[in-house]
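Rule-based calculations on the coordinates, nothing more; no lab input. What you are looking at is a predicted structure, and each value in this text was computed from that prediction instead of being measured. Cβ sites come from the backbone with ideal geometry, for glycine too, and all protein chains shown count toward neighbours.
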Amino acid sequence: MQQFPMVNMTPPPAMAGFTRTKIDYTETPEAHHFVALLPGVRREEVRAYIEPGNMLHISGRRSLEMDNIGDNWHRFEHSAGEFVSRFKLPPNSKPELMRTSMENGVFTVTVPKARVDPPPRNY
C-alpha cells in the first residue's frame, strides 16, 4: 500500500491550545476516510474543503463558554483555539464527491475513490 504523507504545518503560538487535534486517516476499497474527535465543537465551527493540488483542508475552532466566571477555578484543562490539518489526496480520489458529517462530536470526511477496473487477462 502506498503511503501519502500529511503536510505538516507549524501553527502560530496563538493557536497552540487546540492544535493537538488528531485526525485518523483510513482507506477502504471504496473511499478514503478522515475522522476527528471534536467533543464540544459545533458543526458550524468545522470546515473541510479541497484546495488546489488535491489537498484536503480540515480546520476548526473551539470556543470556550465559561458559565461560572465568578467561581474560584483550581484547574482548567479544556482547550480552545483553532486547528488545521491538510492531507494530500491520492490520485484515485474523487474530491468532487467529498461528504462530511458530524455526530456526537465525531467529524468525518469521506472522499470516494475512482473505480479502477482490473487489467484484462490474456489467455
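Here the label points at residue 114 and residue 35, each 7 Å from Cα along the C-beta direction, are separated by 2.8 nm in the simple model. Distance between the 7 Å Cα→Cβ label points at residue 84 and residue 28: 3.1 nm.
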